[in-house]
Amino acid sequence: VQLQACGGGLVQPGGSLRLSCEASGEIFNTDAMGWHRQAPGKRRELVAEQTRRGTTNYADSVKGRFTVSRDTAKNTVYLQMSSLKPEDTAVYYCYIRVRYLGEFWGQGTLVTVSS
């Protein structure tokens, strides 16, 4: 299973950015897809995920600003980020949790929020 993320970049505070991540390989039962992030000097943290039942989970710091969604036919997960803040600057990692196989991670994409 491989994941390819894209969409990172430089954005001004208050701006928006959309990340996408496509999973490929032998994926038959996806339990969840989502995003973590790691800022410089900090631990990796959950940003948002969507489970196979459609349940979404968000970090408190992004609720109301970020939206996670999935295209199950394409094994793709998206992260729509709005009202971005400098503290959202981090490397964003997508992941997929496949039943019986475990979790797989993308290579990370850098999001920088700065004026």
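Below, the figures for the structure above:
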| item | result |
| --- | --- |
| Which numbered condition residue 84 misses (of (1) within 22 Å of residue 28 (Cα to Cα); (2) crowded, with 21+ Cβ neighbours inside 10 Å) | (1) |
| From the options 41, 64, residue that is at positive phi and in contact with a strand residue (DSSP E or B) (Cβ under 9 Å, 6 or more places away or on another chain) | 64 |
| Top-ranked residue of region 73-115 - restricted to ones that are among the aromatic types (Phe, Trp, Tyr) and assigned to a strand (DSSP E or B), ranked as farthest from the chain's Cα centre (by Cα) | 104 |
| Residue within region 47-59 that is open to solvent by less than 30 Å² (accessible area, probe 1.4 Å) and within 19 Å of residue 14 (Cα to Cα) present | yes |
| Residues located in region 53-72, provided they are under 20 Å from residue 2 (Cβ atoms) and not in a strand (DSSP E or B) | 72 |
| Residue that is most open to solvent (accessible area, probe 1.4 Å), among those in region 99-115 that are under 26 Å from residue 27 (Cβ atoms) and touching an Asp or Glu at 6+ places or on another chain (Cβ under 7 Å) | 99 |
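Here's the yes/no breakdown for (1) touching a residue at least 24 places away in the same chain (Cβ under 8 Å); (2) crowded, with 18+ Cβ neighbours inside 10 Å; (3) within 18 Å of residue 1 (Cα to Cα):
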position: 16; (1), (2), (3): yes, no, no
position: 34; (1), (2), (3): yes, yes, yes
position: 37; (1), (2), (3): yes, yes, no
position: 43; (1), (2), (3): no, no, no
position: 74; (1), (2), (3): yes, no, yes
position: 96; (1), (2), (3): yes, yes, yes
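The values are calculated or read from the model by the stated rules, or taken from the named source; none is laboratory data. Quantities reported herein were computed from a predicted structural model and do not represent experimental measurements. Because the Cβ atoms are built from the backbone with ideal geometry, glycine has one as well, and the counts that use them run over all protein chains shown. In case anyone asks, the SASA skips ligands and DNA or RNA and just uses the protein heavy atoms, side chains included. Shrake-Rupley method; radii C 1.70, N 1.55, O 1.52, S 1.80 Å.
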